[in-house]
Amino acid sequence: MSNITAKTPWKDHMGDVPMHLDYFEGSMYDAVEAIARKYPHNVAFDFMGKSTTYKELVQQTEICAKALKTIGIREGDKVTIAMPNCPQAVFLFYAVNLVGGIASMIHPLSAEKEIEFYLNESGSVTAITLDQFYHKFEAVRKNTKVVNIIIASIKDALAQPIKAGYMLTAGRKIEKIPADAPVIRWNEFMKLSRCCFYNYKVSRKTDDPAVILYSGGTTGTSKGIVLTNGNFNALGQQVVAANPMFRPGDKMLAAMPIFHGFGLGVCIHTMLTQGGRCILVPRFTPKSYAKDLVKHRCNYIAGVPTLYEALLRLPDMEGKDLSCLKGVFSGGDSLSVELKKKFDKFLYDHHATIQVREGYGTTETVTACCLTPSHMYKEGSIGLPFPDTYIKIVEPGTDRELPYGEEGEILLSGPTVMKEYMHHPAETAQTLRRHDDGLTWVYTGDLGTMDDQGFVYFKGRAKRMIVTSGYNVYPAQIENILDAHELVQMSCVIGVPDPYKMQKVKAFVKLAAGAEASEETKEILLEHCRKHVAKYAMPYDIEFKDEMPKTLVGKVAYRMLEEEELAKLAAEKTSA
């Protein structure tokens, strides 16, 4: 058994968090329907001025399910949802579950070839997207198994007079879909429910596959991660158990996207199965995020570190009252010690009585499976595993457990562990391994340590580790050092191929407002690094960037920087 099982850390440090839970038996829809029976008139979500109660959520989901049945969706069929956070996406997500289908969640801003890949990888027979993305789907449709494309529009979910305003602004920019386009418009789709009278509800079990999310997997190529009803329902119960201050009716600012485990699992499904209230944000900027947070008096917010870094610089937040906050969660990327200190001060200055809490997880476990307790913070720690979730640190790639404090690969086990990588049995076997303790463990490829109180410390992703002259260098550690300097707003460190050292360390820096991108500034930062970084880990160069490239979910896209450097090296060789 893992180190963590030898202790009851939540009990030691926060007595009202149980170590074990009794999990809901049934589908994701069943869990939402059960809470709707309990709180029918409570608001389930708000969207751009319009509120939907739990009773209405169930009614709309059932209408949607009947329509899906009418167009031929059967048990086990895959349906691709390429939508922002909006009512139609929520209704369809649970309706697919209700008719026994499997929802494949993809980013609506994906490129045509990516969309084609996702549709074929999942074998989807139906897809839903917004009118503004129709042309991308139509361009690749002939190369897929897709029979029906359902087209929704943001305007259909808006209240008057917001709808009129939308059509005069953002709505005018959307390229018109031909009147004879082979699609089903949302309103027509919902009317098809009238043709279905019974037998649209399919009983699905806890262990049945329910959702496909996409991740790089251990080889870096995109994989479909198959997750079950039980995975999502367990996550909802775990998140609330680890946050005993939660009360039904509490508001979550759901700005993290629905195609991402964090956004779907924590911001939406957790709230809707526990009686919470989602503030659905279809598209956000730091400015609009801040506005929604203040306007709706949200109790919980979740985001990646780059979002919190951006909020710090918003003049709009000056003098705003954030005493409504019960929880601020950071995940998806490493939260530097310096950024945490800055954001905690920001929260204090805005009358919040809480601090940002870092979590950790992988898409292979839906999302978060480890969280810092609300009343006990250890510098650099990502917290404690959720109830019934176990973590152990092993010698990378083996099952040999390491002593407390010794660095190794982070392994996860618990009720949120995925079913498999779709169509990739070899990689599934490599990532999911059963040990002598009787548990199935996820080999994360991430490096970390655990202390004797069960707190986990993330040290870096193995795939981001830089090996230079035989030494291991972890980019996050150098980024923390650079981020601590007053001239730096954000940094990213990568390894650049080197014939002698194998790799050499290079830093990219976005300077703080007012700082000048000069040789003098570069030398100041290099001198700062020399004081804190071992000689072998020193950046050989610092390149200034006006903006850091970002991934679709807002993380710094270090792979893009790596590719740019490789392209430069190739060009230099060619010219030589």
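Here are a few things to note about the model shown:
- Put simply, when 100-111, 224-235 are sorted by average Cβ atoms within 10 angstrom per residue, most first, you get 224-235, 100-111.
- Here's how it looks for E543: its modeled amide H is under 5 Å from those of A507, F508, V509, which are all 5 or more places away or on a different chain.
- Pairs beyond 31 Å (Cα-Cα), from K50/K287; K340/K531; K392/K531; K38/K550: K392/K531; K38/K550
- Shape summary: the stretch 310-465 maps onto an equivalent ellipsoid whose semi-axes, from the alpha-carbon gyration tensor, are 33, 16, 14 Å in decreasing order.
- Net charge over other residues, Cβ less than 12 angstrom from the Cβ of T273 (K, R count +1; D, E count -1): -1
- Principal axis dimensions, largest first and in whole angstrom, of the chain by Cα: 72, 57, 53
- Partners for K113 among aspartates and glutamates (Cα-Cα distance below 14 Å; same-chain residues under 8 apart left out): E121, E138
- Note on K66: aspartates and glutamates with a C-alpha under 20 Å away, same-chain residues under 8 apart excluded, are D30, E33, E56, E75, D77, D156, E188.
- Using heavy atoms of the protein chains and a probe of 1.4 Å, the accessible area assigned to D399 is about 90 Å².
- Peptide ranges 175-185, 534-544 listed from the most packed, as the mean C-beta count within 10 angstrom indicates: 534-544, 175-185
- 3J(HN,Hα) along the stretch 90-95, derived from phi through the Karplus expression 6.51 cos²θ - 1.76 cosθ + 1.60 where θ = phi - 60°, amounts to 5, 4, 5, 4, 6, 5 Hz, with x in place of Gly and Pro.
- Over 18 Å (Cα to Cα) - which of K251/K295; K145/K176; K378/K459 fall in this group: K145/K176
- Packing, taken as the mean count of other beta carbons within 10 Å per residue, orders the peptides 478-490, 130-142, 58-70 from highest to lowest as 58-70, 478-490, 130-142.
- For N85, nonlocal amide neighbours, meaning residues 5 or more places apart or on other chains whose placed amide H falls under 5 Å from its own, are I258.
- Percent of Cα pairs exceeding the 21 Å cut-off, where the set is the stretch 507-576: 42
- Where only C-alpha atoms are counted, convex hull volume of the stretch 423-576 per residue in Å³: 201
- Computed from backbone phi with θ = phi - 60° and the Karplus coefficients 6.51, -1.76 and 1.60, the 3J(HN,Hα) list for the stretch 486-496 is 5, 7, 9, 8, 7, 9, 8, 10, 10, x, 10 Hz; x is used for glycine and proline.
- Rounded to the nearest Hz, the phi-derived 3J(HN,Hα) couplings of the stretch 116-127 under the Karplus curve 6.51 cos²θ - 1.76 cosθ + 1.60 (θ = phi - 60°) are 4, 4, 5, 5, 6, 4, 7, x, 4, 9, 9, 9, where x marks glycine and proline.
- Evaluated over the Cα positions of the stretch 234-295, the convex hull gives a direction-averaged projected area, one quarter of its surface, of 4.2 nm².
- CD proxy at 222 nm, helix term only [per DSSP H run n ≥ 4: -39500 (n - 2.57); per residue of the chain; nearest 500]: -8500 deg cm²/dmol
- Computed lengthening from K545 to T53, 0.36 nm per intervening residue step minus Cα-Cα distance: 172.5 nm
- Beta bridges by DSSP in the chain, antiparallel share as percent, to the nearest 5: 60
- Of interest is the spacing of the C-alpha centroids, which for the stretch 455-510 and the stretch 243-314 amounts to 30 Å.
- Amide H contacts under 5 Å for M490, placed H, 5+ residues apart: K510
- Computed over every Cα-Cα pair of the stretch 350-410 and binned at 10 Å starting from 0, the pair-distance distribution P(r) comes out as 19, 43, 29, 7, 2 percent.
The values are calculated or read from the model by the stated rules, or taken from the named source; none is laboratory data. A quick note: this is a predicted structure, and the numbers were derived from the prediction, not measured. Heads up, the Cβs are rebuilt from the backbone with ideal geometry, glycines too, and the neighbour counts pull from every protein chain shown. Ligands, DNA and RNA are excluded from the accessible area calculation, which covers all protein heavy atoms including side chains. Shrake-Rupley method; radii C 1.70, N 1.55, O 1.52, S 1.80 Å.
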